[in-house]
Every structure is written in structure tokens, then in C-alpha cells.
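Before any comments, here is the structure.
The values are calculated or read from the model by the stated rules, or taken from the named source; none is laboratory data. As the structure is a prediction and not an experimental result, all values here were calculated from the model. Ideal geometry is used to build each Cβ from the backbone, glycine not excepted, and the neighbour counts take in all protein chains shown. In case anyone asks, the SASA skips ligands and DNA or RNA and just uses the protein heavy atoms, side chains included. Shrake-Rupley method; radii C 1.70, N 1.55, O 1.52, S 1.80 Å.
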Amino acid sequence: MSESYAGKINRKLQKKRRIINAAAGREPADLVLKNASYVNVFSNEICQGDIAVAEGLIVGMGSYSGKTEDDCGGKIVLPGFLDAHIHLESSLVSPREFARAVLPHGTTTVVTDPHEIANVMGTDGIEFMLQATEGLPVDVRFMLPSCVPATPLDESGAALDYRAIDSFYDHPRVQGLAEMMNFVGIIAGDDQPVEKIVASQAHHKKIDGHAPDLQGNDLNAYIAAGVYSDHECHDLQDAIAKLERGQFIMIRDGTAARNLEALAPLLCDKYAERCMFCTDDKHPNDLLEKGHIDYIVKKAIALGADPITAVKVACHNAARYFLLNNRGAIAPGYLGDFVIIDNFQDFNIRRVYKKGVLMAENGVPREIPEPKIEPYLLERAYDTFHLQTLAPEDFADHRPRGIIGMVPGEITTVDAGYSDRIDVEYDVLKIAVVERHKNTRHIGVGYLQGYGLKSGAVATSISHDSHNIIVVGCTDADCAAAANHVAELGGGIVVWDGGVKAEVPLPIAGIMSDRPLLEVNEALEAAKATAHALGVSQDIDPFMTLSFMALPVIPSLRITTRGVFDVTSQNYI
């Protein structure tokens with residue numbers, strides 16, 4: 001039987017009285033961090049005192065006693081960290097496993113864009129992620145995908161207009177509209193992207209941006225449309241131009257893109273109030289070896305940023321931007337989310353509290369219960385491959401096709417001419433994208449130079465942003481075999497050479513594993529080593545680099561299900 005309205009009000013009153021009594025010192029707090037030196041994000045200084053928590057909220061700083069007391073003498077207490085923009089799917093593991101990975105690093109809130117899974121499952125993907133993150137000790141907030149598919153050239157599993165996502169704005173963990181990648185459409189005033197901005201503003205929500213190097217009146221038009229932030233700034237000039245026009249700058253330092261060093265001068269009195277940290281994409285090895293937002297804070301301090309400024313950018317600024325007004329600070333009425341470190345130089349995290357509950361100590365997280373997901377959504381997530389068995393003939397094409405020339409250390413490419421055959425000696429390999437959502441039998445074929453593979457094939461169902469199967473191989477038979485095995489796995493990464501040499505199953509929508517992070521990372525690193533042993537260039541991430549070859553918004557050449565596309569001229573070649 002559900003609780004009556006009067007019952008709910010009475011329960012809330014009792015809770016509020018408990019908070020007031022603990023704050024006044026009339027009752028013991030639930031938790032007291034004794035003898036704390038803590039960062040005060042309002043006065044920009046280190047303050048001293050006990051920090052008391054009751055009912056999950058900080059009730060006061062001063063002199064307190066509690067049911068549980070933690071002596072923090074000699075340590076520094078910080079507010080919990082907030083990642084302002086991430087795609088949880090990029091971790092390759094379930095949201096629960098992601099939470100277990102980042103909690104020991106002090107992350108207590110993330111703002112995710114479920115863009116990747118929405119391209120596979122549509123609104124079911126958004127609902128899946130909402131349920132998979134319910135009740136986690138890392139508070140997961142959502143920005144709704146704005147570009148599914150990313151461009152009209154993509155063949156994704158769904159196409160979402162503003163009507164499809166509108167009802168999600170009523171969910172209490174939805175903060176707004178995610179990165180509006182279609183800045184060309186916004187500037188042109190096209191109906192679909194503008195409708196999404198108007199709808200988000202009608203719900204009084206935030207709109208995040210994605211507009212690298214946009215300048216002048218085009219930038220003015222983009223911001224005037226209602227785009228409040230940008231995480232794509234890779235140099236100081238781009239960032240300051242946007243900041244001067246009122247945008248908030250998300251300083252990104254993740255796996256695929258690392259912009260902190262270029263943007264570190266923003267972490268000063270003049271600009272820092274308009275900045276926050278984000279990772280965008282964070283792969284298993286990075287999470288395990290480097291960390292999360294804590295890694296960015298530590299790196300920022302090493303680059304010369306004032307420690308208190310770096311901490312504010314890591315928590316308070318993002319909380320204010322997203323109107324998460326009860327987090328990002330150590331003050332009465334704020335959530336009891338704490339990161340306890342030894343010092344600013346070493347930045348070793350000793351303990352992490354979420355709402356006053358100890359959730360990680362010395363790098364070890366507490367056990368996290370498995371979220372409940374509707375059977376229908378689980379079935380959908382594990383059944384996203386709809387294509388027939390592929391044959392070598394499906395990849396055969398004797399007409400000249402464009403050669404995508406890879407650029408060392410970059411995900412941009414160049415036009416390397418044409419070929420009508422594979423030539424391993426000259427590093428000209430077959431590359432193809434196989435539509436896997438709706439069994440259209442569409443297979444786009446081209447050539448790739450600079451990858452280095454000498455034998456076999458590499459295939460993956462992580463191919464941004466539509467997540468079809470992308471494969472590169474030394475023969476048509478190798479391409480077919482590797483792509484078929486990806487489909488047999490229900491999604492994943494496959495290194496093939498006369499048989500399966502390495503694999504990373506990703507059965508959740510073809511982009512995430514249901515296995516522990518350590519296990520996924522071991523399989524991923526073994527697959528990388530195998531791909532390198534088959535000739536893939538050592539300075540290339542065999543899978544991440546390949547996944548971006550299918551994204552037709554990055555110059556100059558890309559591969560889609562319809563063939564090689566010139567992003568600059570907007571023509572197939």
C-alpha cells in the first residue's frame with residue numbers, strides 16, 4: 001500500500017527536524033569528520049573544524065559529536081568531484097562497474113549523454129541507462145541525446161526527433177539537451193535541431209554545445225540559439241572566444257581527447273568561474289591506470305593551477321552550471337559527498353563518502369547492488385544485431401575506391417587517392433562498414449592506409465556514432481570472417497587471423513560488457529597486443545582509432561555504410 005500524502009509530509013518534517021537538531025548540536029550527527037581541514041569554495045581558503053552530517057546532508061562545521069566519527073587530522077577534505085560531460089558507454093562496462101571504478105577516485109556525480117546506446121536502441125537505450133543507473137552511489141544525471149543519428153549520412157538503430165525525447169525531460173535526473181553537434185543545422189536554422197533547442201528551453205533545461213573552431217557570426221548565431229557550453233575547445237583562442245560570448249567551457253581530458261595542457265591558462269581568477277572539468281570518453285585502462293576527475297585535478301595543479309581553484313572547477317562550478325544546488329561545496333544543506341586526500345601534491349585519495357556513507361577506502365569501493373532493469377529492456381539490449389551471415393563476395397568491389405589516409409597520432413584523415421585492390425606491401429587495406437541494425441545489407445567499402453596490419457582482420461561494433469560493424473582486413477575473406485564473429489558475439493572487438501586470435505565480447509547493445517572492469521581491461525589489452533603483433537602500427541590504438549573512421553563529421557575522408565565520404569566536399573568518392 002502506497003504512503004499517503006499526509007504520511008509523506010510527516011516523514012519529511014521528521015527528517016527536517018532531525019537535520020535542524022543535529023545542526024544546532026541538540027542531537028548527535030550521523031557522521032562527524034573530526035579535526036578537518038577542508039576547502040571552502042565560497043571564501044577560497046582552507047578552513048578548520050568538525051564537519052557534521054545528518055540524513056545525508058552536511059548540517060554544520062564547527063565543534064560536533066556524532067554516532068560515527070572519522071579523525072581527519074593531517075588530511076584535506078574536498079567536496080565530491082563532478083564530471084560535467086561523459087558517455088558512460090565509452091568505459092565499455094555497465095554503469096554499475098563504472099561506478100565501482102570511479103568512486104575510489106572521488107567522483108560522486110557525473111552528467112552523462114547516452115548518445116551511443118541511443119543510436120543503437122533509440123529511446124529504449126535512454127530508458128535502459130536510466131534504470132541501470134538508478135540508486136548507484138555515483139549520482140548519474142542525464143543530458144538527452146540531441147543528434148541521433150549524428151548526421152543524415154548515418155544508418156543508426158533509431159532516429160530521434162524532439163517529440164521522441166520530450167517526455168524524458170520530466171525525469172528528475174534529466175538536466176537538459178546534450179551536445180548539439182549539428183552546429184551547421186543550428187546556424188542554418190534547420191527545423192530538426194532548432195526544434196530540439198526550443199523544446200529543451202520550454203522545459204527550462206540546459207543545452208550543451210559541440211562546435212570546434214566555430215568563429216565570428218556563426219559562433220554568435222550558435223550561442224544565440226541557446227547553446228550554453230562547449231567541451232570541444234582544443235586551444236586557448238577558441239575557448240576564450242566562446243567564454244567571452246557567455247559560454248561555459250568544459251575543459252576535457254579523457255582518453256580520446258586531452259585538452260587540459262592547452263587550456264590550463266583558463267584556471268586563473270579571470271576565467272576559472274566559467275570552467276569545469278569533463279572526460280567525454282574514458283576507457284578501461286585509463287580508469288585503472290590514471291583515474292578520473294582526480295587525475296585532471298592533480299595534473300592541473302602540476303601545471304601550476306592554484307589547488308583551491310582546481311578543486312572548485314572539479315566540483316562547484318559544474319554543480320552551479322547544472323543547477324545541482326545541493327552539491328559541490330562543504331557547507332550546511334549540501335550533500336555529504338566528501339573526498340579525503342593526504343595533500344595537494346601527492347593527491348592520494350584515502351576515503352570517499354557519498355551522502356555521509358563511506359563508499360571507498362584506500363582505492364577499494366564498497367559492494368554496489370545490481371540495479372533492477374525491466375526484462376524487456378534487458379532483452380532488447382542483448383538483441384541488437386540483425387544481419388545475415390556475410391561472405392567474402394560481400395566485400396568484393398573491383399571499382400576504384402577512395403583511400404582513407406590515416407594521420408599519425410590524430411583521428412583526422414587525408415585523401416590518399418584511389419585503389420581498386422588491397423596491397424598489403426604498401427599498407428593499402430580493405431575497410432568496410434556493415435549495417436547491423438535493420439538487416440539492410442548495406443555495406444560500404446573503401447581502402448585504408450596507415451593502419452599497418454600485415455595479416456588477418458580487425459573488426460568492432462564500436463563505430464561512432466551509429467555503431468555498425470567496422471572492419472579492416474588484408475583479404476575479403478578475413479573481413480567477412482571477423483565481421484561475422486562480431487555478430488556471433490552479439491557485439492564486441494575481434495582480431496582475426498585464420499581464426500579468432502583475440503576478442504572482447506560487448507553484448508550490451510554491442511558497445512558494453514557485462515563483465516567486471518578488470519576482466520574487460522585484460523581482454524582489451526590482450527587484443528591490442530595481438531593486433532600490434534599482426535602489424536598494426538604501435539602508435540595507433542587499433543580499436544579506438546578504427547571506431548572514429550566511421551564518423552562522417554571529421555575531415556577529410558570517412559567510411560559509411562554507403563562508401564567513402566569526403567567530409568569537406570560533402571560527397572561520396
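Measuring nothing but how far apart in sequence close Cα pairs (under 8 Å, 6+ apart) lie, relative to its length, segment 183-328 scores a relative contact order of 16 percent.
Restriction of the chymotrypsin sites (Phe, Trp or Tyr not before Pro) in segment 222-329 to DSSP coil positions whose beta-carbon has at most 10 other beta-carbons within 10 angstrom yields no sites.
Calculated accessible area for segment 1-60 comes out at 56 Å² per residue, all protein chains present (probe 1.4 Å; ligands, DNA, RNA ignored). Loop-located trypsin sites (Lys or Arg not before Pro) in segment 21-87 (DSSP state other than H, G, I, E, B) with a sparse environment of at most 14 neighbouring Cβ atoms within 10 Å: R26.
If a spin label sat at a point 7 angstrom from the Cα of N44 along the line to its beta carbon, the backbone N atoms of segment 258-290 nearer than 17 Å would be those of 265-276.
The modelled label-to-label distance between L518 and D269, using points 7 Å beyond Cα along the C-beta direction, is 4.8 nm.
For the pair Q237 and K15, a Förster radius of 45 Å applied to the C-beta separation gives a FRET efficiency near 0.35, rounded to the nearest 0.05. A Förster radius of 25 Å, combined with the Cβ-Cβ distance separating V364 from E525, puts the computed FRET efficiency at roughly 0.70.
P(r) tail, segment 1-70: Cα-Cα pairs separated by more than 16 Å, 53% of all pairs.
A convex hull fitted around the alpha carbon atoms of segment 154-208 yields 92 Å³ per residue.
Using the Cβ-Cβ distance between V414 and E55 with R0 set to 60 Å, the FRET efficiency from 1/(1 + (r/R0)^6) comes to roughly 0.55. If a spin label sat at a point 7 angstrom from the Cα of R258 along the line to its beta carbon, the backbone N atoms of segment 397-422 nearer than 18 Å would be those of 408-412.
Translational diffusion coefficient of segment 1-129 (Stokes-Einstein, Kirkwood radius from Cα pairs, 37 °C, 0.692 mPa s): 184 µm²/s. Which translational diffusion coefficient, to the nearest whole µm²/s, is obtained for segment 459-573 from the Stokes-Einstein equation, given a Kirkwood hydrodynamic radius over C-alpha pairs, 37 °C and 0.692 mPa s? Taking Rh from Cα pairs, D becomes 226 µm²/s. Other residues lying with their Cβ under 15 Å from the Cβ of P265 contribute a combined charge of -4, Lys and Arg counting +1, Asp and Glu -1. Please report the antiparallel percentage of the DSSP beta bridges confined to the chain, to the nearest 5. Percentage antiparallel, nearest 5: 70. Under the membrane-span-like helix rule (DSSP H runs whose alpha carbons stretch at least 15 Å along the helix axis, mean Kyte-Doolittle hydropathy -0.5 or higher), the chain yields 191-202, 476-489, 517-533. Taking label points 7 Å from Cα along the Cα-to-Cβ direction, H386 and N220 give a separation of 4.7 nm. Please work out whether segment 373-437 counts as rounded, prolate or oblate from its C-alpha gyration tensor, where a ≥ b ≥ c are the square roots of the eigenvalues and a/c under 1.5 means rounded, while otherwise a/b larger than b/c means prolate and anything else oblate? Oblate is the answer for segment 373-437, as a/c is 1.5 or above yet b/c matches or exceeds a/b.
Here segment 255-392 is treated with +1 on each Lys and Arg Cβ and -1 on each Asp and Glu Cβ, and its dipole about the Cα centre works out to around 420 debye. The ratio of the alpha-carbon radius of gyration of segment 404-517 to the globular-protein estimate 2.2 N^0.38 Å is 1.05. Solvent-accessible surface of segment 442-573, taken per residue with a 1.4 Å probe and all protein chains present: 30 Å².
Rounded to the nearest 20 debye, the dipole magnitude of the chain is 2160 debye, with +1 charges on Lys and Arg beta carbons, -1 on Asp and Glu beta carbons, and the Cα centre as origin.
Taking every pair of alpha-carbon atoms in the chain, give the share separated by more than 48 Å as a whole percent. Summing the P(r) of the chain above 48 Å gives 13 percent of all pairs. Total lysine pairs in segment 222-328 at Cα distances under 15 Å, for residues eight or more apart or on different chains: 7.
Accessible area per residue for segment 108-203 is 30 Å², calculated with a 1.4 Å probe on protein heavy atoms, without ligands, DNA or RNA.
Taking all protein chains as present, what is the carbon and sulfur share of the accessible area of the chain, in % to the nearest whole number, probe 1.4 Å?
The computed percentage sits at 50.
Annotation: aspartates and glutamates with alpha-carbon distance below 14 angstrom to K12 (same-chain offsets under eight excluded): E3, E55.
For segment 131-175, backbone nitrogen atoms closer than 17 Å to the point 7 Å from K8 Cα along Cα-to-C-beta are found at 170-173. Averaging the sequence gap over all C-alpha pairs within less than 8 Å and six or more residues apart, then dividing by the number of residues, gives the chain a relative contact order of 14 percent. Taken along the Cα-to-beta-carbon direction at a fixed 7 Å, the label points for K67 and E244 span 5.6 nm. Rounded to the nearest 20 debye, the dipole size of segment 429-573 about its Cα centre is 420 debye, using +1 on the Cβ of Lys and Arg and -1 on the Cβ of Asp and Glu. The local environment of I404, defined by Cβ-Cβ distances under 13 Å, has a net charge of -1 under the rule Lys, Arg +1 and Asp, Glu -1.
Restriction of the trypsin sites (Lys or Arg not before Pro) in segment 219-264 to DSSP coil positions whose beta-carbon has at most 10 other beta-carbons within 10 angstrom yields no sites.
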